[in-house]
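The values are calculated or read from the model by the stated rules, or taken from the named source; none is laboratory data. Computed from a predicted structure; not experimentally measured. Reconstructed Cβ throughout: ideal geometry from the backbone, glycine too, with neighbour counts over all protein chains shown. Accessible surface areas use protein heavy atoms only, side chains included; no ligands, DNA or RNA. Shrake-Rupley method; radii C 1.70, N 1.55, O 1.52, S 1.80 Å.
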Amino acid sequence: MFKISLVTLSVAAASSAYSAGFSLGDQSATASGSALSTAAASSEDISFSYWNPALFLNAKKNTFYISGAYIIPKMDVTNIEATDANNPTGNTAVDGSTTNTDSVDNTIVPSLYYAMPLSDDTVAGISINAPFGLSGDYGDDWAGRFHATETALQDIALSFSLAHRVNDWFSAGASVQVHKAEVTLKSQVGNTSSALGAGALEGSGDIEADDIGYGYSLGVLFTPVKGTRIGVGYRSKIDFDFEGDVKYNNVDNLSSANLVNADVSDSLTFPDVLTISLEQALTPKLKLGLSVIRTGWSSMDEGLNIDFDSDQPNSVLTFGFEDQWMYSAGLTYDYSKKLTLRTGIARDNSPATDEYRSARTPDGDRTWYSVGGTYHFNDASSATFAYTYVDIEEVSVDRDGTGEDSARGSYSADYSSSASVISLAYNMSF
């Protein structure tokens, strides 16, 4: 089962429509039901250990939790305008569609957790998650193809955790993580202007690279009075030194650009995440959840600076990301001994700025609207459902074709996006 789960995660192509930047928010159907409002403080199950490893103490017996999110994204790109790069006769429009509605696909993002109590106060845990992901494919025929055709980023994390209850009001946990990340970047290269003579001088480039990185997480839980839980969790940055290759097709007429198959390398630092949460009992059946989540996106502000093991100059795409916060609030209601209901709302701010937003990072602020519930079959097993609608603000991309875009040309377009996310989970203790 452990090997199968790794394969399942490795083939999941995560869409950026769900969470801001490259982050993937659905690591737990239980947490998603209340829009992550108790992410670092919940007393419900072990899946909250993603945000705070101390919450593996929610397990009283050996416990297995599996969750999957089915993401149904929608992204409409309109008013697309693009011009050829380095055109000596002036700006010439790139042919191709001026709208795009099928660049993101439905996908499944799973996560798994296993907890094993070592004593009444100490629990060991293992989890597998996809913390970051991005997938988009505009196709090879649209007008912005010199800026991007396909973009994919995938991060799979295997974590080993230990949580300990120090006393009745304080617990702590920590984990070490192994991350396997892969990046795919595709675009067209050259120039399609018939004004240059001899028709189009256009080929394609495909960059694929990967690396293994290491991280850690720390967490604490305070229960100052009965019914009040305050949790703080921190997931570290992860440094990657990506290595791979670039392969070109149909570039024989572009030899002056030094476009030859070669090895490539680039370094990226995925951001750290700080989560602070409150779970407060309002009545014996009703609990309030409040969370703030800070993601250190500025670690990726420089973006891509791909070094080619050839005479080709570096390919640069500045992200210009800024650190951002997510704010969420939710309610959990024990309708009966068997049924628990949840709802929540969240504001997830995008790290992208107007100046550096691109066809690969057409990101906007998001608002989550979530509902969910858990049905307890018995004391040892339960099933959880959650639905989240993600409303993403409309944004525009405006690249003037100068500087790092001098080989891509200019590009502008308007983006309208949203997503529906259906999450299911099964929890079993034995």
(request) Could you list, in sequence order, all residues of the range 249-277 that are surrounded by 20 or more Cβ atoms within 10 Å (Cβ to Cβ) and part of a strand (DSSP E or B)? (result) Val264, Asp266, Leu268, Phe270, Val273, Thr275, Ser277
(request) From Arg357, Arg342, Arg347, grab the single residue that is in a loop (DSSP other than H, G, I, E, B), of a type in the set (Lys, Arg) and either closer than 17 Å to Leu134 by Cα or modelled with pLDDT of 95 or more (or both). (result) Arg357
(message) Tell me the residue from Ala115, Ala124 that is among the hydrophobic types (A, V, I, L, M, F, W, C), buried (at least 22 other Cβ atoms within 10 Å of the Cβ) and part of a strand (DSSP E or B), please.
(response) Ala115
(message) Can you tell me which condition Leu162 does not meet? The list is (1) modelled with pLDDT of 95 or more; (2) over 20 Å from Lys61 (Cα atoms); (3) buried (at least 17 other Cβ atoms within 10 Å of the Cβ), and all the others hold.
(response) (2)
(request) Identify all residues within the range 330-346 that are hydrophobic (A, V, I, L, M, F, W, C) and touching a Leu at 6+ places or on another chain (Cβ under 8 Å); write none if there are none. (result) Leu331, Ala346
(request) Sort through Ile108, Ile80 and tell me the only one that's closer than 22 Å to Ser416 by Cβ and aliphatic (A, V, I, L, M). (result) Ile80
(message) Criterion first (more than 28 Å from Asn349 (Cα to Cα), crowded, with 19+ Cβ neighbours inside 10 Å and under 25 Å from the mean Cα position of the chain (by Cα)) does Val246 satisfy it?
(response) yes
(request) Would you point out the residue of the range 364-389, among those that are small (Gly, Ala, Ser) and not in a strand (DSSP E or B), that is nearest to Ser67 (Cα to Cα)? (result) Ala380
(message) Condition first: among the acidic types (Asp, Glu), part of a strand (DSSP E or B) and under 28 Å from Ser97 (Cα atoms). Can you find one or more residues in the range 177-190 that meet it?
(response) no
(request) With respect to Leu153, determine if the residue is surrounded by fewer than 23 Cβ atoms within 10 Å (Cβ to Cβ), modelled with pLDDT under 90 and assigned to a strand (DSSP E or B). (result) yes
(request) Go through the range 228-252 and give me each residue that's without any contact (Cβ under 8 Å) to a residue 60 or more places away in the chain and within 24 Å of Gly203 (Cα to Cα). (result) Glu243, Asp245, Lys247, Tyr248, Asn249, Asn250, Asp252
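What tally of residues in the range 278-292 results from selecting those that are touching a Phe, Trp or Tyr at 6+ places or on another chain (Cβ under 7 Å) and part of a strand (DSSP E or B)?
Counting residues in the range 278-292 that are touching a Phe, Trp or Tyr at 6+ places or on another chain (Cβ under 7 Å) and part of a strand (DSSP E or B) gives 2.
Kindly establish whether Ser370 is farther than 30 Å from Glu44 by Cβ and either crowded, with 21+ Cβ neighbours inside 10 Å or of a type outside the set (Asp, Glu) (or both). If you could, list the steps in order and put the result at the bottom.
On the way: farther than 30 Å from Glu44 by Cβ: no; either crowded, with 21+ Cβ neighbours inside 10 Å or of a type outside the set (Asp, Glu) (or both): yes.
Answer is no for this residue.
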(request) For residues that are closer than 22 Å to Ser358 by Cα, open to solvent by 50 Å² or more (accessible area, probe 1.4 Å) and in a loop (DSSP other than H, G, I, E, B), tally how many sit in the range 306-339. (result) 4
